[in-house]
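The values are calculated or read from the model by the stated rules, or taken from the named source; none is laboratory data. On a predicted model such as this, the values are computed, not experimentally measured, just so you know. Glycine also receives a Cβ, built like all others from the backbone with ideal geometry; neighbour counts cover every protein chain displayed. Areas reflect the complete protein model, heavy atoms only, side chains present, ligands, DNA and RNA absent. Shrake-Rupley method; radii C 1.70, N 1.55, O 1.52, S 1.80 Å.
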Amino acid sequence: MHIFEGNSSQIDTLDFGYINRTRFQDIAFRVGVYLAIFAGFAIPVSTSLTSVYNLGIFICWVLSGQYRVTFACFKKYRIVTISVVLFSCLACSLLYTPEILSLASRNLFKYRQFLMMPIYLAFFIDPRARRRGIQMFELAMIITLIASLSCWIFSIDYSVRLMDNAIFKNRITQNILMSFLVYIAAWKFLEHPARRWPYALVAVIATFNVLAIVPGRSGYVALGILIGLLMYQKLGAKGILPAAACVGLIGLVTYHNSERFHNRINEVVKEIKEYRNSSKSRSSVDLRLEFYENGLQIAKSSPLMGSGIGSFAMKYRELMEQKGQLVTENPHNEYVMLLVQNGIIGVGLFLCFFWVSWLTTRQLTGIDQALGQAVLAVYLLVCMVNSLMLDTTEGCLFGYLVGLTLAGGVAGIKVTQEENLLKSIPNSQPEEESAREAA
């Protein structure tokens with residue numbers, strides 16, 4: 001993979017000029033870029049391998065001097081600023097959390113993607129590196145798709161996970177990640193239909209895997225969001241109605257032809273209808289509704305700043321001692337979790353992060369813009385039914401893809417500054433001409 005051309009010690013970091021590195025720093029930078037690229041493969045496959053890559057990336061970030069790029073981004077690139085501010089807000093709640101420091105710190109560490117995102121960004125400024133990173137993610141998901149199809153075709157069911165035809169991750173995680181493969185393949189096909197027809201085949205097979213083979217309902221939601229977003233990106237506002245019709249038609253056809261999909265949808269409808277009438281809530285959907293209701297009740301005690309990071313489990317357990325209901329450490333809703341632990345301020349900063357990120361994607365082009373918006377749309381909405389930021393794979397993938405795609409926006413900072421510089425040049429030209437005439 002020829003990512004670098006010429007001397008990588010003088011790769012232009014755009015707004016931040018050239019970073020002069022020693023030979024050792026240059027090697028560390030190269031290693032960091034390759035680790036960042038291969039992290040795209042590791043995240044969907046192995047949690048342990050992902051941790052090793054992230055540690056290596058952080059070490060290379062320090063040794064190569066790329067922290068200077070991240071620091072410059074913090075001052076001039078709003079998405080990096082809001083990301084660090086959000087994590088700092090979560091960290092500040094360690095000061096007043098009732099939970100012991102070790103457990104609270106462990107909970108805070110689950111939000112590390114908001115610190116890793118600016119670090120990933122520093123290694124993905126080169127568009128070739130970004131392209132390779134996306135390709136590594138595609139490769140991991142294609143391997144997952146092939147293995148999942150093999151389990152389904154040959155009825156391999158030696159473990160609980162394989163009974164759901166999920167390979168490296170659980171069914172919820174795999175379906176969410178697979179929906180991104182559907183999106184990337186469909187987007188690439190639509191860019192050049194004649195030359196990229198194999199991507200259409202990948203998109204169709206991956207869609208079938210999500211809807212009919214792996215029973216992860218969060219993946220159904222993610223897939224519907226991404227189909228709608230893709231049609232909006234390609235057709236604008238005119239694509240909203242066709243997108244709704246397309247999602248509805250796919251759902252209807254799958255409902256009548258896939259027993260697994262049919263049963264999963266029926267379960268949702270039944271559990272919602274019987275939630276208030278059931279004396280024991282033990283299934284997925286009605287438990288979530290119970291968690292949301294109780295979580296909102298807890299949040300009323302500290303609505304502005306919350307009870308502190310890591311406090312949800314303790315507060316929920318105290319309430320359940322009174323109600324006699326099932327205890328949980330995870331409400332399966334990121335907004336409820338943030339509201340309880342960090343209050344309205346935490347939820348507000350979280351939404352602000354998405355808003356700033358979305359505005360940033362509007363300055364991008366190509367796959368950077370498309371995939372960046374896809375990630376933001378899925379996480380913004382699916383966080384209502386899952387605590388995606390607390391889940392290791394989903395959280396790492398979020399930081400990775402946001403850092404990768406939004407790295408393309410660093411160029412916009414330089415363009416803006418050059419435009420401002422050009423605006424000032426005409427004002428100085430008359431003075432120069434007058435001086436020449438006077439001479």
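Filter the helices (runs of 4 or more DSSP H) completely within segment 139-227 down to those with at least 3 residues that are closer than 21 Å to residue 389 by Cβ and touching a Gly at 6+ places or on another chain (Cβ under 6 Å).
Working: elements: 160-163, 171-191, 197-208.
Ranges flagged: 171-191.
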Restricting to segment 325-356, count the residues that are among the aliphatic types (A, V, I, L, M) and open to solvent by 50 Å² or more (accessible area, probe 1.4 Å).
5
Can you report the number of residues in segment 92-126 which are closer than 22 Å to residue 60 by Cα, in a helix (DSSP H, G or I) and open to solvent by 20 Å² or more (accessible area, probe 1.4 Å)?
3
Could you count how many residues in segment 354-372 are more than 15 Å from the chain's Cα centre (by Cα), of a type in the set (D, E, K, R) and assigned to a helix (DSSP H, G or I)?
0
Among the residues of segment 134-143, is any open to solvent by 30 Å² or more (accessible area, probe 1.4 Å) and among the charged types (D, E, K, R)?
no
Can you report the number of residues in segment 208-248 which are of a type in the set (Val, Ile, Thr) and at positive phi?
0
Mind listing just one residue for me: the one in segment 350-398 that is hydroxyl-bearing (Ser, Thr, Tyr) and touching a Lys or Arg at 6+ places or on another chain (Cβ under 8 Å) and, of those, modelled with the lowest pLDDT?
392
Looking at (1) touching a residue at least 12 places away in the same chain (Cβ under 8 Å); (2) closer than 27 Å to residue 43 by Cβ; (3) of a type outside the set (A, V, I, L, M), which is the one condition that is false for residue 191?
(1)
Determine, yes or no, whether residue 285 is within 24 Å of residue 106 (Cα to Cα) and not charged (D, E, K, R).
no
Scanning for something open to solvent by less than 50 Å² (accessible area, probe 1.4 Å), over 21 Å from residue 370 (Cβ atoms) and either over 23 Å from the mean Cα position of the chain (by Cα) or at pLDDT 95 or above (or both), does segment 236-250 turn up at least one residue?
yes
Boolean, residue 361 is open to solvent by less than 10 Å² (accessible area, probe 1.4 Å) and touching a Ser or Thr at 6+ places or on another chain (Cβ under 8 Å):
yes
